[in-house]
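Asks: Pasting a structure here, questions to come.
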Amino acid sequence: MRSQGVLHCDTQVVVPFFDVDSMDVVWHGHYVKYLEVARCALLDQIGHNYTAMRESGYAWPVIDLQLRYVRAAVFGQTLNVRASLVEWENRLKINYLISDLASGERLTRASSVQVAVEMASREMQLASPKVFTEAVERSLA
């Protein structure tokens with residue numbers, strides 16, 4: 001069973017013309033962009049977005065990304081992209097669900113994993129920085 005996460009954020013994306021191929025189907029690589037839009041919205045909701053991460057001295061590179069395509073999205077379709085926070089204490093894991101906004105039909109499932117890297121030393125951290133975990137805990141309260 002896929003974890004629903006402790007926090008989630010829904011973002012709507014209307015599939016633009018420049019994201020589709022000659023069959024009006026979204027090219028598979030553009031789904032990653034939709035995930036990023038939802039991830040940024042979730043981090044804003046937590047109160048610790050990429051700007052705050054950088055200001056705290058940490059970069060958060062994606063180290064794993066998985067997508068499972070169920071049905072293609074098409075030009076003009078309004079998508080709901082749900083980002084759900086699954087893990088945050090040792091790494092940042094987010095599960096995603098992309099669905100058709102009108103029908104709720106599932107189109108794509110995905111997950112991403114990011115780890116904190118101290119920018120000054122370029123060392124990967126084995127635990128998430130306190131400044132990040134405290135922001136998550138405040139959001140959960």
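The values are calculated or read from the model by the stated rules, or taken from the named source; none is laboratory data. Everything numeric in this text was worked out from a predicted model, so none of it was measured. Glycine also receives a Cβ, built like all others from the backbone with ideal geometry; neighbour counts cover every protein chain displayed.
Asks: Which residue is farthest from residue 95 (Cα to Cα), if the candidates are limited to segment 22-56 and must be modelled with pLDDT of 95 or more and acidic (Asp, Glu)?
Replies: Among those residues, the one meeting the criterion is 55.
Residues are listed down the side, and each one gets a yes or a no for (1) over 13 Å from the mean Cα position of the chain (by Cα); (2) farther than 16 Å from residue 9 by Cβ:
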site: 66; (1), (2): no, yes
site: 96; (1), (2): no, no
site: 107; (1), (2): yes, yes
site: 129; (1), (2): yes, yes
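Asks: If a residue has to be more than 12 Å from the chain's Cα centre (by Cα), under 15 Å from residue 72 (Cβ atoms) and aromatic (Phe, Trp, Tyr) to count, how many in segment 18-51 make the cut?
Replies: 1
Asks: Can you list residue pairs whose Cβ atoms sit under 6 Å apart, with the first residue in segment 43-59 being touching a residue at least 60 places away in the same chain (Cβ under 8 Å) and over 12 Å from residue 119 (Cβ atoms) and the second being part of a helix (DSSP H, G or I) and aromatic (Phe, Trp, Tyr)? Count only pairs 6 or more apart in sequence or on different chains.
Replies: Short answer, once both residue conditions are applied: 48/132.
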